[in-house]
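Encoded as structure tokens, the structure appears first; notes follow it.
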Amino acid sequence: MVMEAIPFVLVGVLISGFIQAFVKDNWIARIMPKNRVLAILFGCGIGMFFPSCECGIVPITKRLINKGMPLHAGIAFMLTGPIINPIVLFSTYIAFGNDWEMVGIRAGLAVAVAFCVALIVSLTFKELPFRVQDGQAAAGTEQVSVRKGRPASIGKKMYEVIVHAIEEFFSVGKYLVFGAFLAACMQTFVPTSYLLHLGSNPVTSSLVMIALAFLISLCSEADAFIAASFRSTFTVGSLSAFLVFGPMIDIKNTLMLLGTYRSKFVFVLIALVTVFTLAGSLIVGRIFG
């Protein structure tokens, strides 16, 4: 799991470094819709352009929020980015036998869940729930870049990207390694059969698949192949719960979230994602059988 996730964490921290060095605060403020609903939809949509899984999305989101993106838009991006990016959708298409139906279900349910969660977050949390507010540090970096009345050279900005990426990588990486260790323990000591026999009705089967997605902590680029192996055992609704919940919340990124955001915010976020994923999967099960 560590070897599978590290490349995507590396991509995430490098993107975070580029955002820190090259993206100005007023640029994000200029393109971000002022309307709350439109801002959340904007956050849901830009995930298509960031090929990052749930392992690398946390530092990217933190950097965007510190650069001026509203919390609700950032959370919408963080939840949908690991699911609706082209790499994940294409892997889902291949895993389910070149079937676009499951691709559409996965993407649609992800956007619906993220929208509902982000909307409630925007009404509940009025201040940024970071453990450490680094907005002042970012501002200091900006001042260093423009001191003496001239912008920093490309070389200095690239150096800034690398330094920031290294610091972010080791900051996030320790949570990734510990989370992967816990997930491996779960896979080793908790037999999957204990979970499978509970999937006798739509509610319990969706809850089982949500729990399974959390425990085995697969990367979103690979989880569709595991989900496809359960097609003969679980319904479309419960499979959609697995495909949506896992990339949003698993052991690895829960620890990363706890290292970035305050505990209360993380627990509320997990509860909201669980409730809306369960509800959405039941609706999917009713529609698609």
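The values are calculated or read from the model by the stated rules, or taken from the named source; none is laboratory data. Predicted model, so just to flag it, every value in this text is computed and none were measured. When we count neighbours, we look across all protein chains shown, and the Cβ atoms used for this are built from the backbone with ideal geometry, even at glycine.
Here are the numbers for this structure:
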item: Selection within region 227-241 - within 19 Å of the chain's Cα centre (by Cα) and under 17 Å from residue 94 (Cα atoms); result: 227, 239, 240
item: Residue in region 15-37 that is closer than 17 Å to residue 273 by Cβ and assigned to a helix (DSSP H, G or I) present; result: no
item: Breaking point among (1) more than 19 Å from residue 82 (Cα to Cα); (2) in contact (Cβ under 8 Å) with a residue 40 or more places away in the chain, for residue 281; result: (1)
item: Evaluation of residue 112 against (1) modelled with pLDDT under 95; (2) under 19 Å from residue 38 (Cβ atoms) (one fails), failing number; result: (1)
item: Filter pass, residue 92 being hydroxyl-bearing (Ser, Thr, Tyr), modelled with pLDDT under 85 and not in a loop (DSSP other than H, G, I, E, B); result: no
item: Residue list for region 31-89, filter: among the charged types (D, E, K, R) and modelled with pLDDT of 80 or more; result: 34, 36, 62, 63, 67
item: 3 or more residues β-branched (Val, Ile, Thr): qualifying helices (runs of 4 or more DSSP H) within region 194-283; result: 202-216, 251-260
item: Residue match in region 71-84 (condition: free of Cβ contacts under 8 Å to residues at least 60 places away in the same chain and over 28 Å from residue 261 (Cβ atoms)); result: no
item: Top-ranked residue of region 242-279 - restricted to ones that are at pLDDT 95 or above and of a type in the set (Gly, Ala, Ser), ranked as farthest from the chain's Cα centre (by Cα); result: 279
item: Residues satisfying the stated conditions in region 95-110, i.e. free of Cβ contacts under 8 Å to residues at least 40 places away in the same chain and in a helix (DSSP H, G or I); result: 100, 103, 104, 107, 108
